[in-house]
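The values are calculated or read from the model by the stated rules, or taken from the named source; none is laboratory data. Note that the coordinates shown come from a computational prediction; the quantities given were computed from them, not determined experimentally. With ideal geometry, Cβ positions are generated from the backbone for all residues, glycine too; neighbour counts draw on all protein chains shown.
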Amino acid sequence: MDFAFDARTEELRARLDAFMTDRVYPAERVADEQRAALASPWDTPQVVEDLKAEARRQGLWNLFLPDAEHGAGLTNLQYAPLAEITGRSPQLAPTALNCAAPDTGNMEVLAQFGDDEQKKRWLEPLLAGEIRSAFAMTEPEVASSDATNIETRIERDGDDYVINGRKWYISGAMNPLCQIFIVMGKTDPDGADPRRQQSMVLVPRDTPGLTVKRAMQVYGYEDHYHGGHAEVVFEDVRVPVGNLIGEEGGGFGIAQARLGPGRIHHCMRLIGMAERAIELMCRRAVARTAFGKPLAQQGVVQEWIADARVAVEQLRLLVLKTAWLMDTVGNRGAHTEIQAIKIATPRTVVDILDKAVQLHGAGGVSQDFPLAELWAAARTLRLADGPDEVHQRSLARRELKRYL
Ligand SMILES: Cc1cc2nc3c(=O)[nH]c(=O)nc-3n(C[C@H](O)[C@H](O)[C@H](O)COP(=O)(O)OP(=O)(O)OC[C@H]3O[C@@H](n4cnc5c(N)ncnc54)[C@H](O)[C@@H]3O)c2cc1C
């Protein structure tokens, strides 16, 4: 039995479901075929551009952005079931709807902290889906889950900032459509407050000194549809001071704000990934026979399917509760629940995907089913969306505080 949402959400959900069935799932294979024929694997297959145009025509566009001026004006609770549906095809659907990371977080930053010129130059084409963007914080040399460690320097020189540093796993940067980087670095490395040392600046891709060095792999996958995850070097990269986002020293605060709504989108989509895994498991279980009976009649398979269903129902309720809390009492009030879903969701969905892979035998680890790639994506989120241990630390500290 499905959860019932308000009329607008239900209407969008029905339209999105139809869009997935009619357009997105059939495009999965076409996109792979088209990519194989492209000059560069980082270019965007035509079918993805077609999906974008169609989604926009159907009003299934920028649904993630709560700000009604630029986006659909949906609450987190309204967006959650829609993001879940896109999670069923995470390579194509979020991009088709202009709701893919890291553009979503970057658009939120620009909408919230950008000045008029920055919005005109970068937010508008991002909202129109004409360009993509990257968020460059993580560095290979330091433990970057602690943002105070960041070593990239952003030094004022007259009317410019000069940037030097090395970043990696910068999602989206391999795609030539990625035209703008939001770069986090230190403007005041010796400042007394470690949370006021950082700033964020906008660096256009074609700025001299910015080099996209190589594509990092994720369990061997290159994530072409996400524009890959690049190592990027900044050597005496010079941008005008007007490219600063917000104020000097405001980078940490902006990064925290960026961890807001956008950061639970992964959890919303993971529920959709788990639903797809359950569907594939059930289809396979009734279609394959081993040792004289369909796999579906094996007790252990029934146990996997039942446990997966129970887990998904629990996770969905927790994700929806978190979304509702964010809407009603704000991100601070939803702190425990945000940490809780970031711990529980990828971990549980990895387990469900693992069972689905097992049930598919060799097919499960192959390129003929989406399961192996979905598993890698879900497993990666146990660290890429902030390591589990950091969320556990944060949740436990809040819990313990009540007893100190
Ligand atoms: C596919 C992918 C895409 C990414 N996209 C981007 C991007 O677009 N932009 C960007 O800037 N970065 C991106 N990242 C980087 C990601 O945000 C970082 O990997 C993450 O923040 C962890 O930082 P780190 O890799 O430096 O790990 P570290 O900070 O070195 O942490 C390593 C491990 O140490 C342990 N640990 C850390 N802190 C604690 C603690 N307090 N208690 C206990 N254990 C702890 C955890 O087990 C953790 O996994 C991406 C990463 C991946 C894999």
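Counting only helices (runs of 4 or more DSSP H) that sit completely within region 332-404, those holding 2 or more residues that are under 19 Å from residue 101 (Cβ atoms) correspond to 335-359, 371-384, 388-401.
Any residue at all in region 279-294 that is closer than 25 Å to residue 370 by Cβ, assigned to a helix (DSSP H, G or I) and of a type in the set (S, T, N, Q)? Within region 279-294, none of the residues are closer than 25 Å to residue 370 by Cβ, assigned to a helix (DSSP H, G or I) and of a type in the set (S, T, N, Q). Would you confirm, using the coordinates I've provided, whether residue 254 is at pLDDT below 95, among the β-branched types (Val, Ile, Thr) and crowded, with 19+ Cβ neighbours inside 10 Å? So residue 254 fits the description; yes. Look at (1) outside any helix (DSSP H, G or I); (2) closer than 28 Å to residue 76 by Cα and you find that residue 52 fails only one, number (1).
Looking at 300, 312, 286, can you tell me which residue is out of contact with any strand residue (DSSP E or B) (no Cβ under 7 Å at 6 or more places or on another chain), surrounded by fewer than 16 Cβ atoms within 10 Å (Cβ to Cβ), modelled with pLDDT of 95 or more and over 25 Å from residue 393 (Cβ atoms)?
On the way: 312 fails: surrounded by fewer than 16 Cβ atoms within 10 Å (Cβ to Cβ); 286 fails: out of contact with any strand residue (DSSP E or B) (no Cβ under 7 Å at 6 or more places or on another chain).
On inspection, the qualifying residue turns out to be 300.
Selection over region 14-58 of residues that are crowded, with 16+ Cβ neighbours inside 10 Å and either in contact with a Phe, Trp or Tyr (Cβ under 7 Å, 6 or more places away or on another chain) or on the phi > 0 side of the Ramachandran plot (or both) gives a count of 1.
Listed here are the residues, each with its yes/no results for (1) under 23 Å from residue 374 (Cβ atoms); (2) in contact with a Pro (Cβ under 6 Å, 6 or more places away or on another chain); (3) touching a residue at least 40 places away in the same chain (Cβ under 8 Å).
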{"position": "18", "(1), (2), (3)": "yes, no, no"}
{"position": "49", "(1), (2), (3)": "no, no, no"}
{"position": "64", "(1), (2), (3)": "yes, no, yes"}
{"position": "86", "(1), (2), (3)": "yes, yes, yes"}
{"position": "111", "(1), (2), (3)": "no, no, yes"}
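Please verify whether residue 83 is touching a Lys or Arg at 6+ places or on another chain (Cβ under 6 Å) and in a helix (DSSP H, G or I), treating the condition exactly as stated. In short, yes. Of the strands (runs of 3 or more DSSP E) that lie entirely inside region 153-247, those containing 2 or more residues that are over 20 Å from residue 105 (Cα atoms) and in contact (Cβ under 8 Å) with a residue 12 or more places away in the chain span 153-157, 160-171, 210-216, 229-240. The set of residues in region 174-219 that are under 18 Å from residue 133 (Cβ atoms) and among the basic types (Lys, Arg) contains only 205.
One residue stands out among those in region 352-400 that are away from the ligand (no atom under 16 Å from the Cβ) and either under 21 Å from residue 229 (Cα atoms) or assigned by TED's automatic domain parsing to the domain that holds residue 36 (or both): the one that is surrounded by the fewest Cβ atoms within 10 Å (Cβ to Cβ), which is 367. Taken over region 115-172, the residue count meeting the criterion of being of a type in the set (A, V, I, L, M), surrounded by 14 or more Cβ atoms within 10 Å (Cβ to Cβ) and closer than 21 Å to residue 102 by Cα is 10. Scanning region 20-47 for residues that are in a loop (DSSP other than H, G, I, E, B) and either without any contact (Cβ under 8 Å) to a residue 12 or more places away in the chain or outside the structural domain of residue 63 (by TED's automatic domain parsing) (or both) yields 37, 38, 39.
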